[in-house]
Amino acid sequence: MSESSRTAVVTGIGVVAPTGIGNDAHWQSVLAGKTGIGRISRFDPSSYPVRLAGEVPGFEEHDAVPYRLIPQTDRWTHFALGAADAALADAGVDPTRLPEYEMAVVTASSSGGTEFGQHEMERLYLNDPSWVSAYQSVAWFYAATTGQISIRHGMRGPCGVLCTEQAGGLDVLGDARRLIRAGSQLVVSGGTDASLCPYGLTAQLSTGHLSNSDDASRGYLPFDAEASGYLPGEGGAILTVQDAATADPDRSYGSIIGYAAGFDPPPGSARPPALGRTIEHALADAGKQPSEVDVVFADGSAVAEQDLAEAQAISAVFGPGGVPVTVPKALTGRLYGGGAALDVATALMSLRDGVVPHTVGTCRLAPGCDIDLVLDQPRYRPLRTAVVVARGHGGFTSALVLERP
Amino acid sequence: MNDRRVVITGIGVVAPGAIGKEPYWDLLTSGRTATRSITQFEAGAFRSRIAAEIDFDGTAAGLSHQEVRRMDRAGQFAVVCVREALADSGLELGGIDPGRIGVSLGSAVGCTTSLEDEYRVLSDSGKRWLVDHSYGVPHLYGHMVPSTLAVEVAWSVAAEGPVALVSTGCTSGLDAVMRGAQLILEGTADVMFAGATDAPLSPITSACFDAIRATSSNNSDPEHASRPFDAQRDGFVLGEGSSVMVLEERTAALARGAQIYAEISGAASRSNAYHMTGLKPDGREMAEAITAALTAAELDPSVVDYINAHGSGTQQNDRHETAAFKRALGQRAYDVPVSSIKSMIGHSLGAIGSLEVAACALALERQVVPPTANLHNKDPECDLDYVPLTAREHSMDVILTVGSGFGGFQSAIVLGRAGSTRR
């Protein structure tokens, strides 16, 4: 059997998200339309124009992270260590029983250990260099999560870290599939984010794309005529990807059958954005026709021109209203490095249970958005194939095609 | 069977002591060092006050005022490199589908320097935890996400194919080149701009490495502070820089009559799963990465002609990789020259891997091994031929370059001489 014919299947999911910790808590919140967005509690947001965000409720790092590692790592890595443990347990995988060089870790990071970094800069400038933590160098940098998961589970294969902002969660799963095809048995992948600290929020404000709403139910309205930007969130998902030939078939959520990445032309170019052709490339990679796709998990930034461009790309590929579309991240906010990985987790649960979750908050589609956005309540129907779309700040564009077992 | 192969056809360099490919090669083969006392910030309070700095003026290097204002120093380095690499390659991008052109850029710490500068502004010089958002520059988010560096490179060549920022600490540069080559090999892209950039010289970075005593404190003799494999070494010297290269599918490059510096014959990475900063003395996982890279290149260890070492100048690293070379190459490790260009241009974290690949490509083309500067008394535990002090003419078909970094990552790339029939 040639290497390239190996199939990558997702066998385990670990969710740490504003919608809940654990797969069941998250999925129940999604189906119930219960939002994880609320007033920021991690610091006093009253002096900032954005005061709402999706925070992970009740996360206790002492439950998720070995005691010794807590001061050595940022909250973003705490989430990932907890989620990785949960994903491995969900997959029923014992890493000590797999060949060490055939296990790899590839995670997405959008901005590294933002809060840890702010704390250490504060200590440096309030005091002197000797106050900076010995762990700053390995807590702040973007590779911290991958390194810590690799060490914790003895995974000595080809590890990686991709930074493509919100598209990262799909890009790392594309790389996970590459590694499975090249001979790895298990790849721990996905991403998390935790940049809800004063400096992190301030940096996000500079895009001008965040919503200033104080109404948690109306703050983030993908594709809505009244869309006013998105809200930030924290958390994400870690998944285990395995070679179908050696994975436990009873644990499979589905296969990664297609993936593509593209990039928008430079500002001012007359060329079209990358999204439409990226979806087409992913479908071609999967050997699927648009008519065979049962649901699209959209990026849905709720920035009017981005929503319109995305709706037009989806319509161009699938036909106007040609496929059910949903944006469950309306319940969590955008999770940056964790966002697309959580969308993949949600899409796999959707395929498993035959239900498209609805997009909460959106009431009336913006003019020109000719898509079948699932609203008001979940839509039950047999599902086989899902497309997940993600875009990252600056022009990153990725699409992943999933198929249920 | 896929018969695609990947070659390097253009090189751009911004390095300490050398802006541009030719000045870079001159520096490396002269054995001069570009390490000095830090001038980019007031370093008096730090344990290590040495760095390999670049005298860089973005405007003089061809960037517009808008680009200089918008981009972190690391982004400026990378865009200057891309423009040199593209011109060097002679490639006309106009004839290529932009969707087949991609970017694989490495960086360990992204736009750290700008993030720190802006933090000082927003926090009243660091006095406030709740920062004043109203003082934020319009592109602050671009500094927070390192992916911006890849965005700038993509814009500069209008790439619309796969674009990513690879950030695996100090192996970022090798891993980014590896990923760029992989995308061409598998047929996802035809042209990749691959390399890395880092501009980490700032108070917070220096404080990080002071705290773990990783950097040299030989402050009284900065020109000779980076001493890989020398018994008197006392840590690495922080540097900055970038290299970006044009990677092409070999058949297409030959068809257009391109100059080919080298072929990327094989690459692999492994992790030690041991410690975020520590290394075991046995070099086991680096040896495994070397073996896997040679296997991918379908080459026997006995044909390696030169090893470009990680050679950071910490005792732990130098012994670790010496053991790895012996483990992976056996007797051959004693017969081939091994050198560390970090002795001259310091350790620019994620960027250095790309600068080392560029050095190897030039070494293959010109059949000269760059030396290890400042190597006067070998560490008795390091008993290979480290090419001390002066460059050496040497016949080479196959070069191995390796990297090792925080997180436990170990990477290896095998480069082949252009025109060699050997894969």
Exercise. In the range A:375-405, what residues are touching a residue at least 40 places away in the same chain (Cβ under 8 Å), assigned to a strand (DSSP E or B) and more than 29 Å from B:Gly99 (Cβ to Cβ)?
Worked result: A:Arg379
Exercise. Only one residue in B:Arg32, B:Arg83, B:Arg47 is modelled with pLDDT of 95 or more and closer than 20 Å to B:Arg366 by Cα. Which one?
Worked result: B:Arg32
Seminar exercise, completed: Scanning the range A:256-288 for residues that are among the hydroxyl-bearing types (Ser, Thr, Tyr) and crowded, with 20+ Cβ neighbours inside 10 Å gives A:Tyr259, A:Thr278
Exercise. Regarding B:Thr9, is this residue surrounded by 24 or more Cβ atoms within 10 Å (Cβ to Cβ) and in contact (Cβ under 8 Å) with a residue 12 or more places away in the chain?
Worked result: yes
Exercise. Within the bounds of the range B:342-361, is there any residue that is modelled with pLDDT of 95 or more, surrounded by fewer than 24 Cβ atoms within 10 Å (Cβ to Cβ), under 20 Å from B:Ile264 (Cα atoms) and not polar (S, T, N, Q)?
Worked result: no
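Do we find that A:Cys369 is more than 14 Å from every other protein chain (Cβ to nearest Cβ), touching a residue at least 24 places away in the same chain (Cβ under 8 Å), touching a Ser or Thr at 6+ places or on another chain (Cβ under 9 Å) and at negative phi in this structure?
Values: more than 14 Å from every other protein chain (Cβ to nearest Cβ): yes; touching a residue at least 24 places away in the same chain (Cβ under 8 Å): yes; touching a Ser or Thr at 6+ places or on another chain (Cβ under 9 Å): yes; at negative phi: yes.
Spelling it out, A:Cys369 is indeed more than 14 Å from every other protein chain (Cβ to nearest Cβ), touching a residue at least 24 places away in the same chain (Cβ under 8 Å), touching a Ser or Thr at 6+ places or on another chain (Cβ under 9 Å) and at negative phi.
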Seminar exercise, completed: Within the range B:237-279, of all residues that are buried (at least 22 other Cβ atoms within 10 Å of the Cβ) and of a type in the set (Val, Ile, Thr), the one farthest from B:Gly173 (Cα to Cα) is B:Val237
Seminar exercise, completed: Output for Cβ contacts, cut-off 7 Å, separation at least six or different chains, first residue more than 7 Å from chain A (Cβ to nearest Cβ) in the range B:158-172, second part of a loop (DSSP other than H, G, I, E, B), reads B:Cys170/B:Ala108; B:Cys170/B:Leu349; B:Cys170/B:Gly350; B:Cys170/B:Phe406; B:Ser172/B:Ser107; B:Ser172/B:Ala108; B:Ser172/B:Gly350
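For the range A:195-229, give me the residue count where each residue is assigned to a strand (DSSP E or B) and more than 13 Å from every other protein chain (Cβ to nearest Cβ). Lay out the reasoning, then the answer.
First, the residues of the range A:195-229 that are assigned to a strand (DSSP E or B): A:210, A:224.
Now restrict to residues that are more than 13 Å from every other protein chain (Cβ to nearest Cβ): A:224.
Looking only at that region, the number is 1.
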For this session: Test each condition in (1) modelled with pLDDT of 95 or more; (2) more than 14 Å from every other protein chain (Cβ to nearest Cβ) for B:Gly95 and report the one that comes out false.
Result: (1)
Problem set entry | In the range B:115-148, residue farthest from B:Val246 (Cα to Cα) [restricted to those that are crowded, with 24+ Cβ neighbours inside 10 Å and among the small types (Gly, Ala, Ser)] | B:Gly142
Problem set entry | Single match in A:Ala108, A:Ala86, A:Ala91, A:Ala80 (criterion: more than 19 Å from A:Leu179 (Cα to Cα), aliphatic (A, V, I, L, M) and surrounded by 23 or more Cβ atoms within 10 Å (Cβ to Cβ)) | A:Ala80
For this session: Among the numbered conditions (1) out of contact with any Phe, Trp or Tyr (no Cβ under 8 Å at 6 or more places or on another chain); (2) at the interface with chain B (Cβ under 8 Å from one of its Cβ atoms), tell me where A:Leu88 comes up short.
Result: (2)
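Only residues that are assigned to a helix (DSSP H, G or I) and over 23 Å from A:Thr19 (Cα atoms): list them for the range A:48-69, please. Break it down stepwise before answering.
As a first pass, look at the range A:48-69 and keep what is assigned to a helix (DSSP H, G or I): A:61-64, A:67-69.
A:Tyr67, A:Arg68, A:Leu69, listed by residue number.
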For this session: Identify, from the list A:Gly174, A:Gly208, A:Gly190, A:Gly200, the residue that is in the same structural domain as A:Val93 (by TED's automatic domain parsing) and touching an Asp or Glu at 6+ places or on another chain (Cβ under 8 Å).
Result: A:Gly200
For this session: Could you look through the range B:183-207, keep only residues that are under 20 Å from the mean Cα position of the chain (by Cα) and within 15 Å of A:Glu120 (Cβ to Cβ), and pick out the one that is surrounded by the fewest Cβ atoms within 10 Å (Cβ to Cβ)?
Result: B:Ser202
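Mind telling me which of the residues A:Ile21, A:Ile40 ends up being among the hydrophobic types (A, V, I, L, M, F, W, C), farther than 15 Å from A:Ala347 by Cα, away from every other protein chain (no Cβ under 14 Å) and out of contact with any helix residue (DSSP H, G or I) (no Cβ under 6 Å at 6 or more places or on another chain)? Give the derivation first.
Values: A:Ile40 fails: away from every other protein chain (no Cβ under 14 Å).
None of the other options fit; the residue is A:Ile21.
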Problem set entry | Matching residues in the range B:368-423 - criterion: being away from chain A (no Cβ under 14 Å), hydroxyl-bearing (Ser, Thr, Tyr) and not in a loop (DSSP other than H, G, I, E, B) | B:Thr372, B:Thr401
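If I ask for residues that are part of a loop (DSSP other than H, G, I, E, B) and surrounded by fewer than 23 Cβ atoms within 10 Å (Cβ to Cβ), which ones from the range B:208-236 would you list? Outline the logic, then answer.
Let us first name the residues in the range B:208-236 that are part of a loop (DSSP other than H, G, I, E, B), namely B:212-214, B:216-221, B:225-229, B:231-235.
Residues satisfying the conditions are B:Ile212, B:Arg213, B:Ala214, B:Ser217, B:Asn218, B:Asn219, B:Ser220, B:Asp221, B:Ala231, B:Gln232, B:Asp234.
Please determine whether any residue of the range A:194-202 is of a type in the set (Ser, Thr, Tyr) and in contact with a His (Cβ under 6 Å, 6 or more places away or on another chain). Before the answer, list the steps.
First pass over the range A:194-202, keeping only residues of a type in the set (Ser, Thr, Tyr): A:195, A:199, A:202.
From the residues that got through so far, the ones that are in contact with a His (Cβ under 6 Å, 6 or more places away or on another chain) too are A:202.
Yes: the range A:194-202 contains one or more residues that are of a type in the set (Ser, Thr, Tyr) and in contact with a His (Cβ under 6 Å, 6 or more places away or on another chain).
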Exercise. Does the range A:224-232 contain any residue that is at pLDDT 95 or above, among the charged types (D, E, K, R) and surrounded by fewer than 19 Cβ atoms within 10 Å (Cβ to Cβ)?
Worked result: yes
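Given the condition under 20 Å from A:Gly200 (Cβ atoms) and under 23 Å from the mean Cα position of the chain (by Cα), answer yes or no: does some residue in the range B:94-107 qualify? Give the steps one after another, and end with the answer.
Going residue by residue through the range B:94-107, those that are under 20 Å from A:Gly200 (Cβ atoms) are B:107.
From what is left, the residues that are under 23 Å from the mean Cα position of the chain (by Cα) are B:107.
Within the range B:94-107, one or more residues are under 20 Å from A:Gly200 (Cβ atoms) and under 23 Å from the mean Cα position of the chain (by Cα).
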Exercise. Any idea which of B:Ser147, B:Ser125 is at pLDDT 95 or above and at the interface with another protein chain (Cβ under 7 Å from one of its Cβ atoms)?
Worked result: B:Ser147
For this session: Could you list all residues from the range B:19-55 that are part of a loop (DSSP other than H, G, I, E, B) and either small (Gly, Ala, Ser) or within 18 Å of the chain's Cα centre (by Cα) (or both)?
Result: B:Gly20, B:Gly31, B:Thr33, B:Ala34, B:Ala43, B:Gly44, B:Ala45, B:Ser48, B:Glu53, B:Ile54
Exercise. So which of A:Ala330, A:Ala311, A:Ala347, A:Ala386 is more than 14 Å from chain B (Cβ to nearest Cβ), of a type outside the set (Ser, Thr, Tyr) and touching a Cys at 6+ places or on another chain (Cβ under 7 Å)?
Worked result: A:Ala311
For this session: Taking the residues in the range B:285-322 that are out of contact with any helix residue (DSSP H, G or I) (no Cβ under 7 Å at 6 or more places or on another chain) and within 13 Å of another protein chain (Cβ to nearest Cβ) as candidates, determine which candidate is surrounded by the fewest Cβ atoms within 10 Å (Cβ to Cβ).
Result: B:Thr295
Exercise. Of these, A:Asp299, A:Asp343, which one is in contact with a Pro (Cβ under 9 Å, 6 or more places away or on another chain) and part of a loop (DSSP other than H, G, I, E, B)?
Worked result: A:Asp299
Problem set entry | Enumeration of residues in the range B:11-48 that are among the β-branched types (Val, Ile, Thr) and within 25 Å of B:Ser206 (Cα to Cα) | B:Val13, B:Val14, B:Ile19, B:Thr33, B:Thr35, B:Ile38, B:Thr39
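The values are calculated or read from the model by the stated rules, or taken from the named source; none is laboratory data. As the structure is a computational prediction, the values presented were derived from the model and not from experiment. Cβ: placed from backbone, ideal geometry, glycine included. Neighbour counts: every protein chain shown.
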